[in-house]
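The values are calculated or read from the model by the stated rules, or taken from the named source; none is laboratory data. On a predicted model such as this, the values are computed, not experimentally measured, just so you know. Every residue, glycine as well, gets a Cβ built from its backbone with ideal geometry; the counts of neighbours run over all protein chains shown. SASA here: full protein model, heavy atoms, side chains in, ligands and nucleic acids out. Shrake-Rupley method; radii C 1.70, N 1.55, O 1.52, S 1.80 Å.
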Amino acid sequence: MNINDKDGRKIVDIIQRYAQKHSLWVLAYGTGCGAIEIPPTMTSRYDAERFGITGRPTPRMADVLLITGYLATKTLKRVIRSYEQMQSPKYVIGFGSCTINGGMYWDSYNTIKSLDHYLPVDVYINGCMPRPEAVISGFVKLQEMISDGSANGWEKYRDNLDLYRSQQKEVIKNWQMPDYNW
Amino acid sequence: MSFDWIKLLGFIVTPLIASAVGFTYMGLSRKVTARVQNRIGPGVSQSFIDVVKLYSKKTAIHHGVMQHMGPVFAITASVTTLFFIPILKDSIFFANFSFRGDLIFLMYIMVFGQLGMALGAGQTGNPNSAIGVSRGLSQMVGYKVPYVLALIAIMVNFETTNLQELIAVQDGFRNWMIFQMPVASLAGMLAFLGFMMYAPFDVPFAPSEIASGPPSEFGGKYLALMMTSRSIFTFVKLVLFVDLFFGGASSFIELLIKTFVLYLFALFVGLVNPRFRTEQSIQFWWKWPAAIGILAVLLVAWKG
C-alpha cells in the first residue's frame with residue numbers, strides 16, 4: 001500500500017479523523033458567564049471525559065475553543081490571540097445565544113453581536129444558558145462534523161484572513177497585536 | 001562473531017513494547033481516577049487516541065532551536081535508559097547492555113531527560129515553564145537523596161554495582177530486597193513516589209496553578225514526542241524498581257502484574273492527597289526519607 005495512493009490516503013484520513021474525533025481538548029478559558037456550566041459538564045454527574053473531552057490549561061495544547069457567552073470587545077482581543085496560538089486542526093464552539101445574535105446584550109455598547117464575523121464558528125449551542133446535556137450534544141455534533149470532514153473552520157480562517165482581520169479591526173479600535181507567526 | 005538477528009529485533013521492539021505498556025498504564029490510571037471520583041471515565045485506549053491525534057496535527061510551532069531539541073533529548077534519554085535495564089531475567093530477546101557498574105550509570109542517565117526537557121522549556125520564554133522547571137529541578141534534589149542513600153546501602157551490602165547480580169541475589173519470594181533490607185527498601189519506595197510525580201509531589205506540573213508547567217508552550221507533535229517519552233520513562237522507572245526491590249521478573253506476565261501493582265501504589269497515594277508546596281516537598285524529602293536512608297547505610301556499616 002502506497003501512502004500517496006488515493007486509497008492509502010483514505011485509510012490514513014480515517015485513522016486521523018477517528019483520533020481527532022475522540023480526543024477533544026478544550027481550552028479552559030471562561031470568556032463569559034456560561035463558563036459556570038462547564039464544571040458540571042466535566043464532573044461526575046455528566047462526565048464529558050467519557051467522550052475524550054478534557055480541559056487543557058494552555059492554547060498550545062488545545063483543539064477546541066469554547067466561547068462561553070457574551071464577548072466584550074476587550075475579551076475578543078484575547079480570544080483572537082488564544083485562537084491564533086492553537087495548533088490546527090482547531091475548532092470553535094459558540095456557546096449560548098450571546099454568541100449567535102448578542103442575546104440579552106444585543107444593544108450593549110461594548111459587546112459584539114455575532115461571533116461569526118470575527119472567528120470561524122463550527123458549532124453553535126443555543127440557549128441562555130445551555131444545560132450540560134446541550135453542551136454534550138454540541139460536542140457530539142462537532143464529532144460528527146469531524147468524521148465527515150465538514151469541521152474546517154480553521155481552513156476558512158486561514159484562507160480569508162484579510163477579511164476576518166478587517167472585521168476584527170472594525171470593533172477593536174486600538175489594534176496593538178504583536179506580530180507573531182502561529 | 002555471528003550477527004545476532006534476535007537481538008536486533010529486540011532492539012527495535014523493546015521501545016515499542018515499553019511505550020505501549022506505558023500508554024496502557026496511563027489510560028488505566030485515567031479510568032481508575034474516574035472510578036474513584038464516581039465517574040465512568042474514558043476507555044483504556046484513550047492515551048493512544050490522544051497521542052495519535054497529537055501526531056496528526058497539521059501545524060507545529062517552535063520558538064527556537066533548543067525547544068526543537070528538548071523533546072528529542074527527552075526521548076533519547078528514555079530509550080537509552082530502557083536499554084540498560086534488565087527487563088526480564090536472562091532474556092535474550094529484550095535488548096540489554098547491562099555491564100558492571102550499570103547502577104551508577106543509571107543514576108546519572110536518568111537525569112538527562114529532565115535536563116533536556118528543562119532546556120527546551122526554558123527556550124519558550126513562557127514564565128510558567130520557567131517556574132515549572134525550577135520547581136522540578138528543586139524537587140529532584142529532594143527525592144534523589146533517599147534514592148541514592150538506599151542504592152548505596154544495597155550496593156555496599158551485596159558488594160556489587162550490577163543490576164543483574166542484584167536480581168540474582170533476590171532469588172525466591174523470601175529473598176526479595178524488601179525482606180532482606182527493609183529499611184533501605186522503605187527509603188527507596190518513598191523515593192519512588194517522587195519519581196512518579198503523582199500528588200502530593202506533582203509540584204512541577206500543577207495544571208491549576210502554573211498551567212501544567214514545563215510543557216505549557218509545547219503543542220502538536222512536540223507534545224506528542226514528550227508524551228511518548230513520558231510513557232517509555234514510566235515503564236523504565238517501574239521496571240527499575242521491580243528489579244531493585246521486588247526480585248525482577250522471569251516472564252512478561254509476572255512483569256506486568258508487578259509493575260501494575262507498583263503503579264497503582266503511586267496512583268492511589270496520589271488520588272487521596274492534595275499538592276505540596278515546593279518547600280514543603282523538599283522539607284519532606286530531606287526529613288524522613290533521608291533519615292531512613294542514613295539509617296539504612298548505618299545498619300549496613302554496623303553489620304559489616
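Scanning segment A:137-182 for residues being assigned to a loop (DSSP other than H, G, I, E, B) and of a type in the set (Ser, Thr, Tyr) gives a total of 2. Please verify whether B:Ala34 is modelled with pLDDT of 90 or more, more than 13 Å from every other protein chain (Cβ to nearest Cβ) and in a helix (DSSP H, G or I), treating the condition exactly as stated. Taking the combined requirement at face value, the residue does not satisfy it. Could you tell me which residue of segment B:176-210 is most open to solvent (accessible area, probe 1.4 Å), considering only residues that are farther than 21 Å from B:Ala130 by Cβ and of a type in the set (S, T, N, Q)? Only one residue fits best here, namely B:Gln180.
Within segment A:71-92, if we keep just the residues that are touching a strand residue (DSSP E or B) at 6+ places or on another chain (Cβ under 8 Å) and surrounded by fewer than 24 Cβ atoms within 10 Å (Cβ to Cβ), the residue that is farthest from the other protein chains (Cβ to nearest Cβ) turns out to be A:Thr73. When B:Val36, B:Val79 are checked against the criterion of being touching a helix residue (DSSP H, G or I) at 6+ places or on another chain (Cβ under 6 Å), of a type outside the set (Ser, Thr, Tyr) and open to solvent by 60 Å² or more (accessible area, probe 1.4 Å), a single residue qualifies: B:Val36.
Per-residue answers, yes or no, for (1) open to solvent by 30 Å² or more (accessible area, probe 1.4 Å); (2) of a type in the set (Gly, Ala, Ser); (3) at pLDDT below 90; (4) in contact with a His (Cβ under 8 Å, 6 or more places away or on another chain):
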{"position": "A:Gly96", "(1), (2), (3), (4)": "no, yes, yes, no"}
{"position": "A:Asn101", "(1), (2), (3), (4)": "yes, no, yes, no"}
{"position": "A:Thr111", "(1), (2), (3), (4)": "no, no, yes, no"}
{"position": "A:Tyr124", "(1), (2), (3), (4)": "yes, no, no, no"}
{"position": "A:Ile136", "(1), (2), (3), (4)": "no, no, no, no"}
{"position": "A:Val140", "(1), (2), (3), (4)": "yes, no, no, no"}
{"position": "A:Gly149", "(1), (2), (3), (4)": "yes, yes, yes, no"}
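Taking the criterion of being part of a helix (DSSP H, G or I), free of Cβ contacts under 8 Å to residues at least 60 places away in the same chain and in contact with a helix residue (DSSP H, G or I) (Cβ under 8 Å, 6 or more places away or on another chain), the residues of segment B:83-109 that qualify are B:Met107, B:Ile109. Every condition in (1) closer than 29 Å to A:Gln16 by Cα; (2) surrounded by fewer than 22 Cβ atoms within 10 Å (Cβ to Cβ); (3) within 12 Å of another protein chain (Cβ to nearest Cβ) is met by A:Arg45 except one, and the failing one is (1).
Residue-by-condition table, conditions (1) acidic (Asp, Glu); (2) touching a helix residue (DSSP H, G or I) at 6+ places or on another chain (Cβ under 7 Å); (3) facing chain A (nearest Cβ under 9 Å):
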site	(1), (2), (3)
B:Leu193	no, yes, no
B:Met196	no, yes, no
B:Val203	no, yes, no
B:Ala206	no, no, no
B:Glu209	yes, no, no
B:Ser212	no, no, yes
B:Ser216	no, yes, yes
B:Gly219	no, no, yes
B:Leu225	no, yes, no
